[in-house]
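Note sheet for the following structure.
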């Protein structure tokens, strides 16, 4: 890896305190469909998940055929078991975004808009300019970076990993196979009653549409 990418590609462990989760979803048919425009697709996916609360079966229509679902899952430091031992990682991912309230607590009202659910804090810093170009799309809600942009380098290996880290090797495969057809989208979840975490999603172009290839999330 180059100096801009975390060693062994434990990207989240170098930046956040919570455990890293790599969850990549198998493709199933449904009524929702990824769109040709990257920003529209990412926004539609997050709207369907966080605001409309579509079912996992419906959300799978956004997922690429080339995904990392079969990768060996890393052990969770919190629970001491691998994601592969979970009955359904996809269901765990989507339901886990809305934790059950503790006994005696009232359930928080669900977010009404995507802006109620997520944000991209760096976009709110003084002097930061919103942009929409082929290389970077930055809004108050999220940032979407083309893989060859400077900003995306911290989320991708700069060269072929020398070790056996399946995550790093898979992401390197994406950089080589989808040149000009790979984007990284990142945001922070902030909504009431939601799991507050920072997420990094990887999107590739398949059959003319943008599809989700991998998801990395970290609890604060």
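The values are calculated or read from the model by the stated rules, or taken from the named source; none is laboratory data. Fair warning: this is a prediction, and the values are worked out from it, not measured in the lab. Heads up, the Cβs are rebuilt from the backbone with ideal geometry, glycines too, and the neighbour counts pull from every protein chain shown.
Before moving on, here are some points about what is shown:
- Counting only residues that are in contact (Cβ under 8 Å) with a residue 24 or more places away in the chain, farther than 21 Å from residue 180 by Cβ and crowded, with 17+ Cβ neighbours inside 10 Å, region 117-141 holds 5 of them.
- Selection of first residues in region 164-182 that are touching a residue at least 40 places away in the same chain (Cβ under 8 Å) and of second residues that are surrounded by 17 or more Cβ atoms within 10 Å (Cβ to Cβ) and assigned to a helix (DSSP H, G or I), restricted to Cβ pairs under 6 Å at least 6 apart or on distinct chains, gives the following pairs, ordered by first then second residue: 165/8; 165/9; 167/9; 168/9.
- Hey, residue 135 at pLDDT below 90 and within 27 Å of residue 67 (Cβ to Cβ) or not: yes
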